[in-house]
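This report concerns only the one structure given below.
Only the coordinates and a few stated rules stand behind these numbers; no lab work does. This is a predicted model, so every value here is computed, not measured. Note that each Cβ is placed from the backbone with ideal geometry, even for glycine, and that neighbours are counted across all protein chains shown.
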Amino acid sequence: MLLQQLSSELTTWRRRALKAEGELNEVKGQGGMGGADIQQLRSRTVGLETENLTMQSRIGEALRHVESLQARLRFLEHQEEGAAR
């Protein structure tokens with residue numbers, strides 16, 4: 001369930017990034033943009049990069065948590081096998 005949530009969040013971020021790239025290419029095709037537009041895009045880029053780092057950190061933490069749960073499950077399965085003998 002946790003991995004599904006993280007996967008969903010990652011998909012959302014990818015979709016947003018692709019949309020932003022599409023918008024940028026559209027503006028470039030219209031002959032460029034003014035200084036205020038560039039500053040706004042830079043600010044947005046910084047915000048998105050910050051969010052990206054946060055998401056990467058959360059994904060790393062979730063993966064470590066999943067690995068810990070897998071180790072616990074293997075231990076319990078091993079104990080169960082020993083008790084059944």
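Taking θ as phi - 60° and the Karplus parameters 6.51, -1.76 and 1.60, the scalar couplings of segment 50-66 work out to 5, 4, 4, 4, 4, 5, 4, 5, 5, 5, x, 5, 5, 5, 5, 5, 5 Hz in sequence order, x denoting glycine and proline. Highest mean packing comes first when the peptides 56-65, 70-79 are listed by Cβ atoms within 10 Å, giving 56-65, 70-79. Secondary-structure-derived ellipticity at 222 nm for the chain, considering helices only, amounts to -34000 deg cm²/dmol, per-run term -39500 (n - 2.57) for DSSP H runs with n ≥ 4. Can you give the FRET efficiency for LEU63 and ASP37, using 1/(1 + (r/R0)^6), R0 = 35 Å, r = Cβ-Cβ distance, to the nearest 0.05? Efficiency at R0 = 35 Å is approximately 0.40.
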